[in-house]
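Here is the structure we will look at.
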Amino acid sequence: MDDSQKPQQTAQPGQVQIKADEKELLGQYSNLVMIHNTPEEFIMNFIYLFPTNPQGKLVASLIVSPAHAKRLYAALGENIDRYEAQFGAIREKPMPVPDVGFVQ
């Protein structure tokens, strides 16, 4: 079957089709997020701190508008509430804030 014979997937009205490669679908693990802001944007640096030595790696950096940051905050809160309703309260351990600096 050539490309012209393959059935085409069409989006329903109001539906957005997202393309993602396998790498993006696998995701990235982060155990530290550093958040900074300016009047125009919020910058979230997702970092993986290695447990065996004092090093880390930046795994993703996201820059969003203040309005989108507020929607993200609300959506995360709603998801945490649903999680805790299903699985119980999330226990938090105090974590010391590491002294982090970026190198190239």
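The values are calculated or read from the model by the stated rules, or taken from the named source; none is laboratory data. Everything numeric in this text was worked out from a predicted model, so none of it was measured. Cβ: placed from backbone, ideal geometry, glycine included. Neighbour counts: every protein chain shown.
Take the conditions (1) of a type in the set (Gly, Ala, Ser); (2) part of a loop (DSSP other than H, G, I, E, B); (3) modelled with pLDDT under 85; SER4 misses just one of them, which is (2). The residue that is farthest from SER30 (Cα to Cα), among those in region 58-95 that are of a type in the set (Lys, Arg) and modelled with pLDDT under 95, is ARG91. Restricting attention to region 59-82 and to residues that are surrounded by 13 or more Cβ atoms within 10 Å (Cβ to Cβ), out of contact with any Ser or Thr (no Cβ under 6 Å at 6 or more places or on another chain) and of a type in the set (A, V, I, L, M, F, W, C), the residue that is farthest from PHE102 (Cα to Cα) turns out to be LEU72. Restricting GLY101, GLY56 to residues that are small (Gly, Ala, Ser) and surrounded by fewer than 10 Cβ atoms within 10 Å (Cβ to Cβ) narrows the list to GLY101.
Can TYR73 be described as assigned to a helix (DSSP H, G or I), out of contact with any strand residue (DSSP E or B) (no Cβ under 9 Å at 6 or more places or on another chain) and under 23 Å from THR38 (Cβ atoms)? Yes: the conditions hold for TYR73.
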